[in-house]
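First up is the structure itself, then whatever we jot down about it.
The values are calculated or read from the model by the stated rules, or taken from the named source; none is laboratory data. These numbers were taken from a predicted model, which means no experiment stands behind them. All Cβ positions, glycine included, derive from the backbone under ideal geometry; neighbour counts span all protein chains shown. Side chains are part of the model used for accessible areas, which takes the heavy atoms of the whole protein and leaves out ligands, DNA and RNA. Shrake-Rupley method; radii C 1.70, N 1.55, O 1.52, S 1.80 Å.
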Amino acid sequence: MPQPSARRVALAALRTWRTKKQFADATIADGLAKSQLQSADRAFALELFYGTLRNLTLLDFWVTNLRRGRVDVDLRDILRLGLYQLFIAKTPEHAAVYETVELAPKRQRAITNALLRSALRNGKELRAKAKSQPLDLRTSHPKFLIQRWENAFGKKATQSLCDWNNAPPPIYARINQPKIDRLTFLERYRTARSLPIIFNFVELPSPANALEAGDCYVQDPSTAIACELLQPQPDEKVLDACAAPGGKTSYLAELMGNRGLLVACDREAVRLRLLHENLTRLGVKIATIIRQDWTKPALASEIRSHAPFDRILVDAPCTNTGVMRRRVDVRWRLKPADFVRMQRRQTTIVRSVLPLLKAGGILVYSTCSLESEENEDVVQALFRGMSAHRSLAEGGSLLQLEEERRSLPFTDHFDGAFAARLRRIS
(Lines give C-alpha, C1' and ligand atoms only; values in the text may rest on other atoms or scores of the structure.)
Protein backbone atom coordinates (compact mmCIF):
# COMPACT_ATOMS: atom_id res chain seq x y z
CA MET A 1 0.00 0.00 0.00
CA PRO A 2 1.44 3.44 -0.94
CA GLN A 3 2.90 5.44 1.94
CA PRO A 4 0.77 8.47 2.82
CA SER A 5 1.95 11.66 1.14
CA ALA A 6 0.71 15.23 1.28
CA ARG A 7 -1.02 14.77 -2.08
CA ARG A 8 -2.63 11.50 -1.03
CA VAL A 9 -3.91 12.99 2.24
CA ALA A 10 -5.33 15.99 0.33
CA LEU A 11 -7.00 13.71 -2.23
CA ALA A 12 -8.56 11.53 0.46
CA ALA A 13 -9.87 14.62 2.23
CA LEU A 14 -11.38 15.98 -0.99
CA ARG A 15 -13.21 12.70 -1.58
CA THR A 16 -14.44 12.54 2.02
CA TRP A 17 -15.66 16.12 1.83
CA ARG A 18 -17.46 15.44 -1.46
CA THR A 19 -19.09 12.18 -0.45
CA LYS A 20 -19.79 12.56 3.28
CA LYS A 21 -20.73 16.26 3.30
CA GLN A 22 -18.51 16.97 6.30
CA PHE A 23 -17.15 20.43 7.09
CA ALA A 24 -13.85 21.03 5.33
CA ASP A 25 -11.94 21.93 8.50
CA ALA A 26 -12.98 18.74 10.28
CA THR A 27 -12.30 16.63 7.20
CA ILE A 28 -8.70 17.70 6.68
CA ALA A 29 -7.97 17.77 10.42
CA ASP A 30 -9.09 14.14 10.66
CA GLY A 31 -6.97 13.19 7.64
CA LEU A 32 -3.87 14.86 9.05
CA ALA A 33 -4.41 13.29 12.47
CA LYS A 34 -4.32 9.83 10.89
CA SER A 35 -1.20 10.59 8.86
CA GLN A 36 2.42 10.79 9.93
CA LEU A 37 3.30 13.79 7.82
CA GLN A 38 6.02 16.18 8.94
CA SER A 39 5.21 19.86 9.31
CA ALA A 40 6.23 20.88 5.76
CA ASP A 41 4.17 18.10 4.22
CA ARG A 42 1.23 18.89 6.48
CA ALA A 43 1.33 22.49 5.27
CA PHE A 44 1.44 21.31 1.66
CA ALA A 45 -1.54 18.99 2.21
CA LEU A 46 -3.50 21.89 3.69
CA GLU A 47 -2.62 24.14 0.76
CA LEU A 48 -3.66 21.51 -1.78
CA PHE A 49 -6.95 20.75 -0.03
CA TYR A 50 -8.05 24.31 0.69
CA GLY A 51 -6.65 25.69 -2.56
CA THR A 52 -8.58 23.14 -4.58
CA LEU A 53 -11.81 23.88 -2.69
CA ARG A 54 -11.35 27.62 -3.22
CA ASN A 55 -11.00 27.13 -6.98
CA LEU A 56 -13.41 24.27 -7.75
CA THR A 57 -15.40 25.97 -10.52
CA LEU A 58 -12.30 27.27 -12.27
CA LEU A 59 -10.53 23.90 -12.05
CA ASP A 60 -13.61 22.12 -13.42
CA PHE A 61 -13.71 24.62 -16.29
CA TRP A 62 -10.18 23.60 -17.21
CA VAL A 63 -11.04 19.89 -16.86
CA THR A 64 -13.96 20.36 -19.26
CA ASN A 65 -11.70 22.11 -21.77
CA LEU A 66 -9.19 19.28 -21.61
CA ARG A 67 -11.72 16.45 -21.93
CA ARG A 68 -15.11 17.09 -23.48
CA GLY A 69 -16.62 13.75 -22.52
CA ARG A 70 -17.73 12.55 -19.10
CA VAL A 71 -15.03 12.51 -16.42
CA ASP A 72 -15.26 9.98 -13.61
CA VAL A 73 -15.73 11.78 -10.28
CA ASP A 74 -12.66 10.16 -8.69
CA LEU A 75 -10.54 11.04 -11.71
CA ARG A 76 -11.90 14.59 -11.59
CA ASP A 77 -10.62 14.97 -8.01
CA ILE A 78 -7.14 13.90 -9.13
CA LEU A 79 -7.20 16.30 -12.08
CA ARG A 80 -8.35 19.13 -9.83
CA LEU A 81 -5.32 18.57 -7.62
CA GLY A 82 -2.98 18.39 -10.59
CA LEU A 83 -4.32 21.51 -12.29
CA TYR A 84 -4.27 23.43 -9.01
CA GLN A 85 -0.57 22.61 -8.67
CA LEU A 86 0.26 23.53 -12.27
CA PHE A 87 -1.74 26.73 -12.72
CA ILE A 88 -2.31 28.20 -9.25
CA ALA A 89 0.21 26.84 -6.74
CA LYS A 90 2.95 26.91 -9.43
CA THR A 91 4.40 23.61 -8.22
CA PRO A 92 7.41 22.48 -10.32
CA GLU A 93 5.89 20.89 -13.40
CA HIS A 94 7.65 17.53 -13.26
CA ALA A 95 6.70 16.93 -9.63
CA ALA A 96 3.13 18.14 -10.16
CA VAL A 97 2.55 15.78 -13.08
CA TYR A 98 4.49 12.72 -11.91
CA GLU A 99 3.25 12.74 -8.30
CA THR A 100 -0.36 13.43 -9.31
CA VAL A 101 -0.33 10.59 -11.87
CA GLU A 102 0.90 8.30 -9.07
CA LEU A 103 -2.30 9.05 -7.16
CA ALA A 104 -4.44 7.47 -9.87
CA PRO A 105 -5.22 3.76 -10.02
CA LYS A 106 -3.15 1.99 -12.71
CA ARG A 107 -6.05 1.87 -15.16
CA GLN A 108 -6.38 5.68 -15.05
CA ARG A 109 -2.71 6.68 -15.03
CA ALA A 110 -2.38 6.95 -18.78
CA ILE A 111 -5.36 9.30 -19.17
CA THR A 112 -4.28 11.32 -16.12
CA ASN A 113 -0.79 11.75 -17.55
CA ALA A 114 -2.14 12.65 -20.99
CA LEU A 115 -4.55 15.29 -19.67
CA LEU A 116 -2.02 16.94 -17.37
CA ARG A 117 0.62 17.08 -20.11
CA SER A 118 -1.99 18.53 -22.47
CA ALA A 119 -2.66 21.17 -19.81
CA LEU A 120 1.05 22.01 -19.76
CA ARG A 121 1.18 22.37 -23.54
CA ASN A 122 -1.96 24.48 -23.66
CA GLY A 123 -1.54 26.37 -20.41
CA LYS A 124 -1.43 29.83 -21.96
CA GLU A 125 -4.64 29.21 -23.91
CA LEU A 126 -6.44 27.69 -20.90
CA ARG A 127 -5.55 30.66 -18.70
CA ALA A 128 -6.69 33.11 -21.38
CA LYS A 129 -10.04 31.34 -21.71
CA ALA A 130 -10.53 31.49 -17.96
CA LYS A 131 -9.84 35.22 -17.83
CA SER A 132 -12.65 35.86 -20.31
CA GLN A 133 -15.23 34.03 -18.19
CA PRO A 134 -17.74 35.64 -15.77
CA LEU A 135 -16.64 36.48 -12.23
CA ASP A 136 -18.43 33.51 -10.67
CA LEU A 137 -16.35 31.10 -12.76
CA ARG A 138 -13.05 32.98 -12.55
CA THR A 139 -13.21 33.18 -8.77
CA SER A 140 -15.23 30.01 -8.08
CA HIS A 141 -18.17 31.60 -6.25
CA PRO A 142 -21.87 30.70 -6.70
CA LYS A 143 -23.71 33.04 -9.04
CA PHE A 144 -26.33 33.96 -6.45
CA LEU A 145 -23.62 35.26 -4.08
CA ILE A 146 -22.00 37.32 -6.83
CA GLN A 147 -25.36 38.85 -7.74
CA ARG A 148 -26.34 39.77 -4.20
CA TRP A 149 -22.90 41.24 -3.44
CA GLU A 150 -22.91 43.30 -6.62
CA ASN A 151 -26.32 44.66 -5.63
CA ALA A 152 -25.14 45.46 -2.11
CA PHE A 153 -21.55 46.61 -2.66
CA GLY A 154 -21.04 47.19 -6.40
CA LYS A 155 -18.99 45.27 -8.96
CA LYS A 156 -15.54 46.53 -7.99
CA ALA A 157 -16.01 45.70 -4.32
CA THR A 158 -17.42 42.28 -5.21
CA GLN A 159 -14.35 41.50 -7.31
CA SER A 160 -12.16 42.51 -4.37
CA LEU A 161 -14.24 40.43 -1.98
CA CYS A 162 -13.95 37.32 -4.16
CA ASP A 163 -10.19 37.81 -4.46
CA TRP A 164 -10.03 38.22 -0.67
CA ASN A 165 -11.96 34.99 -0.14
CA ASN A 166 -9.55 33.09 -2.37
CA ALA A 167 -6.39 34.26 -0.61
CA PRO A 168 -4.91 32.09 2.16
CA PRO A 169 -5.59 33.97 5.41
CA PRO A 170 -2.85 35.14 7.75
CA ILE A 171 -3.00 33.95 11.35
CA TYR A 172 -3.89 36.72 13.77
CA ALA A 173 -3.81 36.42 17.55
CA ARG A 174 -5.08 38.55 20.40
CA ILE A 175 -2.49 38.97 23.14
CA ASN A 176 -3.90 37.71 26.44
CA GLN A 177 -2.92 40.84 28.34
CA PRO A 178 -4.02 39.71 31.84
CA LYS A 179 -1.23 37.13 31.51
CA ILE A 180 1.42 38.88 29.40
CA ASP A 181 1.95 42.46 28.25
CA ARG A 182 2.47 43.37 24.62
CA LEU A 183 6.20 44.12 24.78
CA THR A 184 6.99 40.89 26.62
CA PHE A 185 4.90 38.96 24.10
CA LEU A 186 6.80 40.47 21.15
CA GLU A 187 10.13 39.71 22.82
CA ARG A 188 9.14 36.12 23.64
CA TYR A 189 7.59 35.27 20.27
CA ARG A 190 9.95 36.69 17.67
CA THR A 191 7.83 35.73 14.66
CA ALA A 192 4.97 37.94 15.88
CA ARG A 193 4.35 41.06 13.81
CA SER A 194 2.65 44.13 15.27
CA LEU A 195 -0.45 45.49 13.57
CA PRO A 196 -0.85 49.25 13.05
CA ILE A 197 -3.41 50.87 15.38
CA ILE A 198 -4.67 47.53 16.77
CA PHE A 199 -2.16 47.15 19.59
CA ASN A 200 -3.54 44.05 21.30
CA PHE A 201 -3.43 41.92 18.14
CA VAL A 202 -0.46 40.52 16.21
CA GLU A 203 0.10 38.47 13.11
CA LEU A 204 1.58 35.19 14.34
CA PRO A 205 2.54 32.62 11.69
CA SER A 206 3.45 29.93 14.27
CA PRO A 207 1.10 30.31 17.26
CA ALA A 208 1.38 26.84 18.83
CA ASN A 209 3.74 27.71 21.70
CA ALA A 210 1.94 30.95 22.58
CA LEU A 211 -1.42 29.17 22.50
CA GLU A 212 -0.24 26.37 24.75
CA ALA A 213 1.12 28.89 27.24
CA GLY A 214 -2.19 30.77 27.29
CA ASP A 215 -0.45 33.91 26.08
CA CYS A 216 -2.81 34.50 23.17
CA TYR A 217 -5.95 33.41 21.40
CA VAL A 218 -6.11 33.00 17.63
CA GLN A 219 -8.82 35.27 16.24
CA ASP A 220 -9.23 37.97 13.62
CA PRO A 221 -9.13 41.60 14.83
CA SER A 222 -12.69 42.07 13.53
CA THR A 223 -13.92 39.81 16.35
CA ALA A 224 -13.03 42.50 18.88
CA ILE A 225 -15.64 44.92 17.53
CA ALA A 226 -18.57 43.34 19.38
CA CYS A 227 -16.70 43.08 22.69
CA GLU A 228 -15.50 46.67 22.60
CA LEU A 229 -18.96 47.89 21.64
CA LEU A 230 -20.43 46.07 24.65
CA GLN A 231 -17.94 47.85 26.97
CA PRO A 232 -18.27 45.45 29.94
CA GLN A 233 -17.09 46.87 33.26
CA PRO A 234 -15.50 45.26 36.33
CA ASP A 235 -17.95 43.83 38.87
CA GLU A 236 -20.85 43.72 36.40
CA LYS A 237 -22.97 40.70 35.51
CA VAL A 238 -22.50 39.86 31.84
CA LEU A 239 -24.12 37.16 29.70
CA ASP A 240 -22.34 35.78 26.63
CA ALA A 241 -25.27 33.95 25.07
CA CYS A 242 -23.44 32.09 22.26
CA ALA A 243 -19.99 31.81 23.77
CA ALA A 244 -18.12 28.81 22.34
CA PRO A 245 -15.30 28.46 21.48
CA GLY A 246 -14.46 31.36 23.79
CA GLY A 247 -12.47 34.01 21.93
CA LYS A 248 -14.95 36.79 22.65
CA THR A 249 -15.73 35.42 26.13
CA SER A 250 -12.09 35.62 27.18
CA TYR A 251 -11.79 39.15 25.80
CA LEU A 252 -14.89 40.18 27.76
CA ALA A 253 -13.25 38.81 30.92
CA GLU A 254 -10.14 40.83 30.14
CA LEU A 255 -12.16 44.03 29.66
CA MET A 256 -13.86 43.31 33.01
CA GLY A 257 -10.49 43.00 34.73
CA ASN A 258 -11.45 39.39 35.59
CA ARG A 259 -13.89 40.83 38.16
CA GLY A 260 -17.64 40.26 38.30
CA LEU A 261 -19.72 37.47 36.79
CA LEU A 262 -19.53 36.26 33.21
CA VAL A 263 -22.13 33.64 32.29
CA ALA A 264 -21.07 31.83 29.12
CA CYS A 265 -23.60 29.65 27.28
CA ASP A 266 -23.78 27.36 24.30
CA ARG A 267 -26.12 24.59 23.28
CA GLU A 268 -23.76 21.68 22.51
CA ALA A 269 -21.83 19.74 25.13
CA VAL A 270 -18.77 19.29 22.91
CA ARG A 271 -18.58 23.04 22.32
CA LEU A 272 -18.92 23.70 26.05
CA ARG A 273 -15.94 21.42 26.73
CA LEU A 274 -13.87 23.38 24.21
CA LEU A 275 -15.06 26.62 25.80
CA HIS A 276 -14.00 25.40 29.25
CA GLU A 277 -10.57 24.32 27.97
CA ASN A 278 -9.92 27.65 26.28
CA LEU A 279 -11.06 29.79 29.22
CA THR A 280 -9.01 27.70 31.65
CA ARG A 281 -5.86 27.99 29.54
CA LEU A 282 -6.34 31.76 29.21
CA GLY A 283 -6.78 32.22 32.96
CA VAL A 284 -10.40 33.38 33.00
CA LYS A 285 -11.59 33.24 36.61
CA ILE A 286 -15.08 34.78 36.47
CA ALA A 287 -16.87 32.54 33.96
CA THR A 288 -19.80 30.29 34.79
CA ILE A 289 -20.45 27.92 31.89
CA ILE A 290 -24.05 26.80 31.33
CA ARG A 291 -25.66 24.73 28.59
CA GLN A 292 -28.55 26.59 26.99
CA ASP A 293 -30.39 26.38 23.67
CA TRP A 294 -31.99 29.80 23.13
CA THR A 295 -34.28 28.48 20.40
CA LYS A 296 -36.07 26.30 22.98
CA PRO A 297 -38.55 27.70 25.55
CA ALA A 298 -36.90 26.15 28.61
CA LEU A 299 -34.44 28.43 30.43
CA ALA A 300 -31.72 26.96 32.66
CA SER A 301 -32.54 27.79 36.28
CA GLU A 302 -28.94 28.87 36.94
CA ILE A 303 -29.20 31.54 34.24
CA ARG A 304 -32.50 32.75 35.65
CA SER A 305 -30.97 32.98 39.13
CA HIS A 306 -28.25 35.35 37.89
CA ALA A 307 -30.60 37.66 35.97
CA PRO A 308 -30.99 40.49 35.33
CA PHE A 309 -27.69 41.12 33.55
CA ASP A 310 -25.99 44.47 33.09
CA ARG A 311 -24.85 43.55 29.59
CA ILE A 312 -25.54 40.76 27.11
CA LEU A 313 -23.58 39.72 24.04
CA VAL A 314 -25.39 37.74 21.36
CA ASP A 315 -22.75 36.65 18.85
CA ALA A 316 -25.31 34.81 16.80
CA PRO A 317 -24.82 31.81 14.55
CA CYS A 318 -24.82 33.02 10.94
CA THR A 319 -23.99 32.14 7.34
CA ASN A 320 -20.32 33.16 7.83
CA THR A 321 -20.08 35.11 4.58
CA GLY A 322 -17.64 37.52 6.23
CA VAL A 323 -15.13 34.75 6.98
CA MET A 324 -15.22 32.75 3.77
CA ARG A 325 -11.48 32.82 3.28
CA ARG A 326 -11.17 30.97 6.61
CA ARG A 327 -14.21 28.72 6.23
CA VAL A 328 -13.40 27.70 2.72
CA ASP A 329 -16.35 25.44 1.94
CA VAL A 330 -19.04 27.89 3.11
CA ARG A 331 -19.59 29.06 -0.47
CA TRP A 332 -20.46 25.51 -1.57
CA ARG A 333 -22.86 24.86 1.33
CA LEU A 334 -24.90 28.06 1.18
CA LYS A 335 -28.27 28.29 -0.53
CA PRO A 336 -30.29 31.48 -1.21
CA ALA A 337 -32.91 30.50 1.39
CA ASP A 338 -30.30 30.28 4.15
CA PHE A 339 -30.22 34.03 4.78
CA VAL A 340 -33.89 34.28 5.73
CA ARG A 341 -33.72 30.98 7.62
CA MET A 342 -30.80 32.26 9.70
CA GLN A 343 -32.55 35.59 10.27
CA ARG A 344 -35.48 33.78 11.91
CA ARG A 345 -33.12 31.85 14.17
CA GLN A 346 -31.11 34.96 15.08
CA THR A 347 -34.23 36.95 15.92
CA THR A 348 -35.50 34.11 18.09
CA ILE A 349 -32.23 34.02 20.06
CA VAL A 350 -32.21 37.77 20.72
CA ARG A 351 -35.86 37.80 21.80
CA SER A 352 -35.12 34.92 24.17
CA VAL A 353 -32.34 36.78 25.99
CA LEU A 354 -33.99 40.22 26.14
CA PRO A 355 -36.04 39.50 29.29
CA LEU A 356 -32.74 38.78 31.07
CA LEU A 357 -31.39 42.30 30.47
CA LYS A 358 -31.92 44.86 33.19
CA ALA A 359 -33.57 48.22 32.51
CA GLY A 360 -30.91 50.54 31.14
CA GLY A 361 -28.72 47.56 30.28
CA ILE A 362 -26.78 47.06 27.03
CA LEU A 363 -27.21 44.29 24.48
CA VAL A 364 -24.81 43.86 21.56
CA TYR A 365 -25.95 41.75 18.63
CA SER A 366 -23.16 40.58 16.32
CA THR A 367 -22.41 38.26 13.41
CA CYS A 368 -19.59 37.46 11.02
CA SER A 369 -21.98 37.81 8.07
CA LEU A 370 -21.96 40.48 5.36
CA GLU A 371 -25.65 40.10 4.62
CA SER A 372 -28.24 42.72 5.56
CA GLU A 373 -30.84 40.01 6.31
CA GLU A 374 -28.68 38.81 9.20
CA ASN A 375 -27.51 42.22 10.38
CA GLU A 376 -29.51 45.43 10.00
CA ASP A 377 -32.70 43.52 9.19
CA VAL A 378 -32.50 41.53 12.43
CA VAL A 379 -32.19 44.76 14.41
CA GLN A 380 -35.21 46.20 12.61
CA ALA A 381 -37.15 42.97 13.15
CA LEU A 382 -36.64 43.36 16.90
CA PHE A 383 -38.32 46.78 16.84
CA ARG A 384 -41.14 45.59 14.59
CA GLY A 385 -41.84 42.61 16.82
CA MET A 386 -41.89 44.37 20.17
CA SER A 387 -45.62 45.04 20.12
CA ALA A 388 -46.21 41.30 19.84
CA HIS A 389 -44.38 40.74 23.15
CA ARG A 390 -46.43 42.60 25.73
CA SER A 391 -44.37 41.47 28.69
CA LEU A 392 -41.30 43.01 27.06
CA ALA A 393 -42.94 46.14 25.74
CA GLU A 394 -44.58 47.36 28.94
CA GLY A 395 -43.73 50.95 29.76
CA GLY A 396 -43.14 52.01 26.16
CA SER A 397 -40.28 51.40 23.76
CA LEU A 398 -38.10 48.51 24.87
CA LEU A 399 -34.92 49.10 22.86
CA GLN A 400 -32.93 52.03 21.61
CA LEU A 401 -30.29 51.57 18.90
CA GLU A 402 -27.16 53.43 20.00
CA GLU A 403 -24.52 52.40 17.48
CA GLU A 404 -23.68 50.02 14.65
CA ARG A 405 -20.22 48.99 13.52
CA ARG A 406 -19.03 46.73 10.75
CA SER A 407 -15.88 45.41 9.15
CA LEU A 408 -15.77 44.85 5.39
CA PRO A 409 -12.85 42.86 3.96
CA PHE A 410 -12.55 44.99 0.83
CA THR A 411 -12.21 48.23 2.80
CA ASP A 412 -10.97 47.28 6.28
CA HIS A 413 -8.71 44.38 5.23
CA PHE A 414 -9.88 42.10 8.02
CA ASP A 415 -12.68 39.54 8.17
CA GLY A 416 -16.26 40.72 7.78
CA ALA A 417 -18.24 41.48 10.94
CA PHE A 418 -21.29 43.39 12.13
CA ALA A 419 -22.29 44.59 15.60
CA ALA A 420 -25.21 46.68 16.90
CA ARG A 421 -25.39 48.18 20.41
CA LEU A 422 -28.89 48.35 21.86
CA ARG A 423 -30.04 49.79 25.19
CA ARG A 424 -33.11 48.54 27.04
CA ILE A 425 -35.27 51.50 27.99
CA SER A 426 -37.15 51.28 31.30
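Computed with a 1.4 Å probe over protein heavy atoms only, the accessible area of Leu186 comes to about 40 Å².
Put a dot 7 Å past the Cα of Ala26, heading toward its Cβ, do the same for Val270, and the two dots end up 0.4 nm apart. Of the residues Val202, Ile146, Leu183, the one whose Cα sits farthest towards the positive end of the charge dipole of segment 139-257 is Ile146 (charges of +1 on Lys and Arg Cβ, -1 on Asp and Glu Cβ, taken about the Cα centre). Note on Lys34/Asp74: beta-carbon distance plugged into 1/(1 + (r/R0)^6) with R0 of 22 Å gives a FRET efficiency of 0.65. The slack in the chain from Lys285 to Gln133, taken as 0.36 nm per residue of separation less the alpha-carbon distance, amounts to 49.2 nm. In the chain, the calculated helix contribution to ellipticity at 222 nm averages -14500 deg cm²/dmol per residue, counting -39,500 (n - 2.57) for every DSSP H run with n ≥ 4. Residues Cys368, Cys162, sorted by accessible area with the largest first, give Cys368, Cys162 [1.4 Å probe; ligands and nucleic acids excluded]. Hey, how many Å between the Cα centroid of segment 331-350 and the Cα centroid of segment 185-238? First find each Cα centre; the distance between them is then 29 Å. Ranking Thr184, Thr91 by solvent-accessible area of protein heavy atoms (1.4 Å probe, all protein chains present), from largest to smallest, gives Thr184, Thr91.
Shown here: segment 88-147, whose C-alpha atoms stretch 43, 23, 18 Å along the first, second and third principal axes, sorted largest to smallest. Each label point was placed 7 Å from the Cα along the Cα-to-Cβ direction; for Leu299 and Ser194 their separation is 4.7 nm. Accessible area per residue was computed with a 1.4 Å probe on protein heavy atoms; Glu93 scores about 110 Å².
A 1.4 Å probe run over the chain, with the rest of the protein chains in place, finds 47 Å² accessible per residue. Calculate the length of the line joining the C-alpha centroid of segment 102-117 to that of segment 14-89, in whole Å. Using only Cα atoms, the two centres lie 16 Å from each other.
Overall shape: oblate for segment 118-233, with the ratio a/c of the largest to smallest alpha carbon gyration tensor axis at 1.5 or above and b/c at least equal to a/b.
Expressed to the nearest 5 percent, the antiparallel share of DSSP beta bridges inside the chain is 55 percent.
Would you work out what percent of the accessible area of segment 247-383, with all protein chains in place, is carbon or sulfur (probe 1.4 Å)? After summing per-atom areas, the C and S share lands at 50 percent.
Once the C-beta distance of Thr64 and Glu403 is scaled by a Förster radius of 51 Å, the resulting FRET efficiency is 0.55 to the nearest 0.05.
Ser194 exposes around 40 Å² of accessible area when a 1.4 Å probe is run over every protein chain in place. Legend: residue pairs Lys21/Lys143; Lys296/Lys358; Lys285/Lys358; Lys20/Lys106; Lys34/Lys131; Lys20/Lys248, Cα-Cα distance threshold 28 Å; pairs beyond threshold, Lys34/Lys131; Lys20/Lys248.
Along the Cα→Cβ direction, 7 angstrom out, place labels at Ser426 and Gln108. What is the inter-label distance in nm? Reported label-point gap for Ser426 and Gln108 is 6.9 nm. Three semi-axes describe the equivalent ellipsoid of the chain; taken as square roots of 5 times the Cα gyration tensor eigenvalues and ordered largest first, they are 44, 25, 19 Å.
Taking a ≥ b ≥ c as the square roots of the Cα gyration tensor eigenvalues, segment 57-187 comes out oblate, since a/c reaches at least 1.5 and a/b does not exceed b/c.
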